[in-house]
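The values are calculated or read from the model by the stated rules, or taken from the named source; none is laboratory data. Everything numeric here is computed off the predicted structure, so don't read it as measured data. FYI the Cβ positions are ideal-geometry reconstructions off the backbone, even for glycines, and counts take in every protein chain you see.
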Amino acid sequence: MSKAQDRSLIKKFFNSWFMIVIYFVLFVFIMREVIDLSQKLVRTKGIYDSAYTDYKSQEAKTNAAKANVDLISSNRGIEGYIRQTYPVVKDGEKVIVLFDSKSSAVEPVELPPTQMDKLKTWWDSLYKKVKIENAAN
């Protein structure tokens, strides 16, 4: 009989209002941790996706660089690379340079002004001053 009473007491204890409140509090804490873990999973997945795209782009750049190295490994490849990168020509060759955009590997060469250019600049500035004075009168 005492065993039956012990079981009855244990059932009453675990089914009491006090234990129901404890169960509810434990349930709330567990659900809170589950929600935090799911948010961490979403953030981690976003970081993983961005790292994976960075990895793929770096892998593509590496493959392009390897292909470029394979191309440059011969004398003809070296000559082609130099001609593409730097504006050089052989004796007797003529080069036509076409620019697709303003961002080009070849930058324009600016020569210092000659005496004739300086004289022309001075003359143009003098002519503008005379023209402004005549317009003011």
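Pairs needed: first member in the range 54-75, without any contact (Cβ under 8 Å) to a residue 40 or more places away in the chain; second member anywhere, of a type in the set (Ser, Thr, Tyr); C-beta distance under 6 Å; at least 6 residues apart or different chains.
72/81
Any idea which residue in the range 62-109 is nearest to the chain's Cα centre (by Cα), counting only those that are in a loop (DSSP other than H, G, I, E, B), of a type in the set (S, T, N, Q) and modelled with pLDDT of 75 or more?
Across the range 62-109, the extreme among qualifying residues is 73.
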